[in-house]
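Values in this text are rule-based calculations from the coordinates and carry no lab data. Predicted model, so just to flag it, every value in this text is computed and none were measured. Note that we place each Cβ from the backbone using ideal geometry, even for glycine, and neighbour counts take in every protein chain shown.
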Amino acid sequence: MMKFTSTMMLEQEEYVLLFKRIWNNYGIVGVFAVIVLVFSLCSDVFLTPENLISVARQVSVLGLISMGVLFCIVSGNVDLSVGSFLGFSGAAIASLSLRYGLWPALLIAFPGSVAIGCVQGYLSTRGRGLSIMVTLSTMSILYGCTLLITQGRPITNLPQGHRFLGAGWLGPIPWPVIVFSSVALVSYFLLSKTTPGLYLYATGGNLEATRLAGINVIFYQILAFMISAFLSALGGLVLIARMNSALPNAGRGEEMNAVGAVLIGGASLRGGVGTLRGTIIGVFILGFISNGLNLLGVSPFYQFIVKGCIILFAILMDQWGRK
């Protein structure tokens, strides 16, 4: 009897391990497929090319900042300032454009954003777990700077060059989608095909062992924050181009969507785990949920509840799947 019971327990453990492997490899794809299937059955408009392009255009900004968050999470940190960074960089570019023109504004804003990311990275590497507090503080600082730049009012009448990036098309594809796709390809190459990408994963996976191997872990952690800051600035540029204005509250709350997309995509807050493919799927899951609920006439208030439940589910599955 005891032998039979032990055999049953071993079989159950094998099934659990098998399910964990399947979930870690294909779970997010399955969730994505179910969401697409449900909304396509509920709405005839959902799977039309026009709607799919619209969703891709809408999630392009979220996709940019989510990729920045992925770099930080893979390295063992988290950047919670990307939402405020998005609004700040957009307001700074808009304000500088009105004074000096578009190209001088970009030449000032992007190096400035990378410098801020460098400072964030340096402060976050002064001790374990500091990135949350540092980026939370930066989030508040950047939001205050955005309010100072905008004086609490939208910045409008931007130069024509802005509108091209936000409203222009290359054939049937909007420029925001092209920018998002291009950055995704570069990010995939950096994370999967280069030595810095390998070191980022190693740093997040085992910081001490990577350091003892002679790798400058602090440099690569700071590099991740600089990349995140650059992508937040790029997202801010695309956002103001789409809206043809810079709003004082732009980007507020987007940090949770970005972190949520990365976690839904299979990344772990422990570091060292996460893929670009999973992050992009996570971005589109959140985008399809918002779009699908809008098509069904569901109140926007419920969208926050649904997204929160999905993010919580992803975190719980991550904890369970890695035990």
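Ordering 257-267, 60-70 by mean Cβ neighbour count within 10 Å, with the highest value first, yields 60-70, 257-267.
Run the numbers for ASN157 and THR48: contour at 0.36 nm per residue of separation, minus the present Cα-Cα distance, in nm.
Working: separation 109, 0.36 × 109 = 39.24 nm, distance 3.36 nm.
Between ASN157 and THR48, full extension yields 35.9 nm more.
Can you pull out the trypsin sites (Lys or Arg not before Pro) in the stretch 41-133 that DSSP calls coil and that have at most 10 other Cβ atoms within 10 Å? Show your work: numbers first, answer last.
Numbers: sites: ARG57, ARG99, ARG126, ARG128; in loops: ARG126, ARG128.
Counting only loop positions with at most 10 other Cβ atoms within 10 Å, the trypsin sites (Lys or Arg not before Pro) in the stretch 41-133 are ARG126, ARG128.
Can you give the angle from 0 to 90° between the axis of helix 300-321 and the longest principal axis of the chain, with both taken from C-alpha atoms, to the nearest 10? Helix 300-321 sits at roughly 40 degrees to that axis.
The angle between the Cα long axis of helix 28-42 and the main principal axis of the chain comes to about 70°, on a 0 to 90 degree scale.
Taking θ as phi - 60° and the Karplus parameters 6.51, -1.76 and 1.60, the scalar couplings of the stretch 190-205 work out to 5, 6, 9, 10, 10, 5, x, x, 4, 5, 4, 5, 5, 4, x, x Hz in sequence order, x denoting glycine and proline. For helix 2-22, what angle does its Cα long axis make with the longest principal axis of the chain, in degrees from 0 to 90 and rounded to 10? That works out to roughly 20 degrees.
Per-residue packing, averaged as other Cβ atoms within 10 Å, sorts the ranges 109-118, 151-160 into the order 109-118, 151-160, beginning with the highest.
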